[in-house]
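The values are calculated or read from the model by the stated rules, or taken from the named source; none is laboratory data. Note that the structure is a prediction, hence the values are computed from the model and not measured. Backbone-built Cβ (ideal geometry, glycine too); neighbour counts: all protein chains shown. When the accessible area is computed, the model is the full protein with side chains, heavy atoms only, and any ligands, DNA or RNA have been set aside. Shrake-Rupley method; radii C 1.70, N 1.55, O 1.52, S 1.80 Å.
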Amino acid sequence: MSLTFHWFLPTNGDSRHVVGGGHGTPATAFGRNRPPTVAYLSQIARAAEDLGFVGALTPTGAWCEDAWLTTAMVSQHTERLKFLVAFRPGFVSPTLAAQMASTFQRQTGGRLLLNVVTGGESHEQRAYGDFLDKDARYRRTGEFLQIVRDLWEGKTVDLAGEHLQVEDARLARVPDPVPEVYFGGSSPIAGEIAARHVDVYLTWGEPPAQVAEKIAWVRGLAAKEGRTVRFGIRLHVITRDTAEQAWAEAHKLLDGFDPDTVKSVQAGLARSESEGQRRMLALHGGSREDLEIHPNLWAGIGLVRGGAGTALVGSHDEVAERIKEYHALGIDEFVLSGYPHLEEAYWFGEGVLPRLAAQGLWQHPFAPTIVPAAQVPFTS
């Protein structure tokens, strides 16, 4: 089975520095260096497509552009790249979301993937008119996914749930193919939702031992539901021809972190109700020291950015080895990013992917099939 790689569309802006944001914190000023225009995001998307990334994740929240609208526009400038659209189920009705996904599939030729984000920050949710607490939001997510999946199967749905109610709901046209659902969460109720409803469980880039525990946890819960779940991981990457060059780039990024910004971001993230964010913060403790928390796994990004806060740093060979290490645990999909996203896509795509291909772990998803000469029929 070939490993699957996705890239990231920085709809909060891009830079040669780390652009912050996420989990209730605003994007940093560096996001204005390269604004998230359709033209620039399409440039990144075309590069990712050419290099062999299957899809591109777009974030959701007040700190970035809307994922649905942005990817709909960028999709018109690409041909095969899929879009892993992050959305929050509490902000739109399940019937409308199912219809939107169905339309997206038809208009893009089946290039939609859905990243369901329940929302870990009550203060940000309230800004959108959502006043449920965290556990209630997860229960609503479960009801939402139950309705959406039934609608995608062509069923007529009547449901009077704790948080959602629909009557005689159905789609005039179901999506083909049905979008796969990606989902992450580290709290007990998140595991229950993942086990029942999702195709791919995503974790942030924790050290391998912690990732192994998460995989075993979700896999066990899914087995009790009579289901199997695939696993993916969300990481940044800094990969260069030599380890020295890669770490020099990481240290350059770290040198660009303004102490006041770090302090402000860490104070904001400390309010987070997200168990996953709490685990990210514990990896660095707000300190600039001892940030290599596992060989080639660097926690520096999390000092100024919410959500995914770790990066694989090293030579192309070293980064390939770390990917193999995670794959051995059960990770099949890698959602990656790097600053700036255009250039870093090429560093990874031209440096690491060929090494994985040479070992039979990856093949370009869009490369044409070449028939060996001996099998080509001869005609005169």
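Roughly to the nearest percent, how much of the accessible area of the chain is carbon and sulfur, given a 1.4 Å probe? Each step should come with its number before you reach the end.
On the way: 8160 of 16070 Å².
Answer for the chain is 51 percent, counting heavy atoms of protein chains only.
Taking 19 Å as the cut-off, the amide N atoms of the range 83-114 that come nearer than this to a point 7 Å along the Cα-to-beta-carbon line of SER2 belong to 83-84, 110-113.
On full extension, the segment bounded by LYS155 and THR37 gains 38.6 nm, given 0.36 nm per residue less the C-alpha separation.
Stretch ALA282-ALA267 to full length: gain in nm at 0.36 nm per residue minus the Cα-Cα span? Intermediate results must be reported in sequence, preceding the final value.
Working: separation 15, 0.36 × 15 = 5.40 nm, distance 1.35 nm.
Here the segment from ALA282 to ALA267 would lengthen by 4.0 nm.
Note that the range 108-114 has calculated 3J(HN,Hα) couplings of 10, x, x, 10, 10, 10, 10 Hz, one per residue in order, obtained from phi through the Karplus relation 6.51 cos²θ - 1.76 cosθ + 1.60 (θ = phi - 60°); glycine and proline are x.
Packing-wise, with mean Cβ within 10 Å as the measure, how do 51-60, 250-259, 108-117, 193-202 rank, highest first?
On the way: 51-60: 23.7, 250-259: 14.9, 108-117: 20.7, 193-202: 22.2.
Those peptides, ordered most packed to least, come out 51-60, 193-202, 108-117, 250-259.
Taking every alpha-carbon pair under 8 Å whose residues sit at least 6 apart, the chain reaches a relative contact order of 20 percent. Distances between placed amide hydrogens fall under 5 Å for GLU180 paired with LEU114, all partners being 5 or more residues away or on another chain. Spin-label model, ALA29/ALA248: points 7 Å from Cα along the beta carbon direction are separated by 2.8 nm.
Paramagnetic label reach from GLN363 (point 7 Å along Cα→Cβ; backbone nitrogen cut-off under 17 Å): within the range 338-355, residues 353-355.
Residue-wise HN-Hα couplings along the range 119-125, as the Karplus relation 6.51 cos²θ - 1.76 cosθ + 1.60 with θ = phi - 60° gives them from phi, are x, x, 10, 4, 5, 6, 4 Hz; Gly and Pro carry x. Considering amide H positions built from the backbone, and no H for Pro or chain starts, which residues 5 or more places from THR28, or on another chain, come under 5 Å of its amide H? Amide H to amide H, under 5 Å and 5 or more residues apart or across chains, THR28 pairs with GLY20, GLY21.
Can you tell me the accessible area per residue over the chain, all protein chains present, probe 1.4 angstrom, in square angstrom?
Working: 16070 Å² over 380 residues.
On a per-residue basis, the chain sits at 42 Å².
Beta bridges from DSSP with both residues in the chain: antiparallel share about 20 percent, rounded to the nearest 5. Given their separation in residues at 0.36 nm each and the Cα-Cα distance between them, ALA223 and ARG16 gain 70.2 nm when the chain is fully extended. Rg over Rh for the chain works out to 0.97, both radii taken from alpha-carbon positions and Rh defined as the Kirkwood radius. Please compute the contact order of the range 159-311 in relative form: average sequence separation of alpha-carbon pairs under 8 Å and at least six residues apart, divided by the residue count, as a percent. Reported as a whole number, the value is 21 percent.
Rolling a 1.4 Å probe over the protein chains gives MET73 an accessible area of about 100 Å².
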